[in-house]
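A.B. asks: Quick one: the structure is below, questions incoming.
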Amino acid sequence: MADADNLDDEEIAPPSNNKMIMIVILAVNVLAAAGIGGYLMLGDSGGGGDAQAAPAEATVDPGAPPKLVRMEPFIVNLKEPGGTRYLKMVVEIEVPGDKGSEILNTRIAPVRDRIIASTSELTFADTQGAERKMTIRKTLVKDVNDVLKSDIAKNIYFTEFVIQ
């Protein structure tokens, strides 16, 4: 009887090891499939955005009356030693008509991110005077259009520009 019990234990142990190996292999395959699926979805969304940008630009009527899209306020630290100064600004972006506004609003998070990144590189001296503010405007228009992958943004207007 003891031999029968030992035999049962030996028969049960290998399937348990095989089950563990199968579970590990299955888990690795699921993780790999999830990673590949995630990569493809992110790749498609990035590629899809590029593919959508070109047709969207074609549907924007450049002769449409300009429309201003007001952005939420930006508050960024200026690039200063000690980080003691910050810039608060509110901008309105000029786009051609409702279609331009719609395109901008679909990419608002990346546009805000680019504006924050760009203005975070400014020093106090970079923000002083009308000429330097014009330079900032031109840079921001270029940055916004880079994100949108088209020349939808025509101008940027500062409605608030405060440094503290």
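A.B. asks: Does Glu94 qualify as being at pLDDT 70 or above and surrounded by 10 or more Cβ atoms within 10 Å (Cβ to Cβ)?
C.D. replies: yes
A.B. asks: Which of (1) polar (S, T, N, Q); (2) surrounded by 15 or more Cβ atoms within 10 Å (Cβ to Cβ); (3) farther than 19 Å from Pro62 by Cβ is the odd one out, the single condition Thr159 does not satisfy?
C.D. replies: Among (1) polar (S, T, N, Q); (2) surrounded by 15 or more Cβ atoms within 10 Å (Cβ to Cβ); (3) farther than 19 Å from Pro62 by Cβ, the lone unmet condition for Thr159 is (2).
A.B. asks: I would also like to ask the following. Can you tell me which residue among Asp126, Asp98, Asp113 is in contact with a helix residue (DSSP H, G or I) (Cβ under 7 Å, 6 or more places away or on another chain) and either under 21 Å from Phe161 (Cβ atoms) or not basic (Lys, Arg) (or both)?
C.D. replies: Going through Asp126, Asp98, Asp113 in turn, the sole match is Asp126.
A.B. asks: Out of the residues in the stretch 114-133 that are more than 14 Å from Lys79 (Cα to Cα) and touching a residue at least 12 places away in the same chain (Cβ under 8 Å), which is surrounded by the fewest Cβ atoms within 10 Å (Cβ to Cβ)?
C.D. replies: Looking at the filtered set, the residue picked out is Lys133.
A.B. asks: Let me ask something else. State whether one or more residues within the stretch 62-79 are without any contact (Cβ under 8 Å) to a residue 12 or more places away in the chain and either exposed (fewer than 13 other Cβ atoms within 10 Å of the Cβ) or in a loop (DSSP other than H, G, I, E, B) (or both).
C.D. replies: Within the stretch 62-79 (the criterion being without any contact (Cβ under 8 Å) to a residue 12 or more places away in the chain and either exposed (fewer than 13 other Cβ atoms within 10 Å of the Cβ) or in a loop (DSSP other than H, G, I, E, B) (or both)), the answer is no, since none of the residues qualifies.
A.B. asks: What are the residues in the stretch 99-133 that are of a type in the set (Asp, Glu) and not in a helix (DSSP H, G or I), if any? Walk me through how you get there before you give the answer.
C.D. replies: Filtering the stretch 99-133 down to residues of a type in the set (Asp, Glu) leaves 102, 113, 121, 126, 131.
Result: Glu121, single match.
A.B. asks: Only one residue in Asp143, Asp151 is in a loop (DSSP other than H, G, I, E, B), surrounded by 14 or more Cβ atoms within 10 Å (Cβ to Cβ) and under 20 Å from the mean Cα position of the chain (by Cα). Which one?
C.D. replies: On the way: Asp143 fails: in a loop (DSSP other than H, G, I, E, B).
Result: Asp151 is the single residue among Asp143, Asp151 that is in a loop (DSSP other than H, G, I, E, B), surrounded by 14 or more Cβ atoms within 10 Å (Cβ to Cβ) and under 20 Å from the mean Cα position of the chain (by Cα).
The values are calculated or read from the model by the stated rules, or taken from the named source; none is laboratory data. Just so it is clear, the structure is predicted and the values come from calculations on it, not from any experiment. All Cβ positions, even for glycine, are placed from backbone atoms using ideal geometry, and neighbour counts span all protein chains on display.
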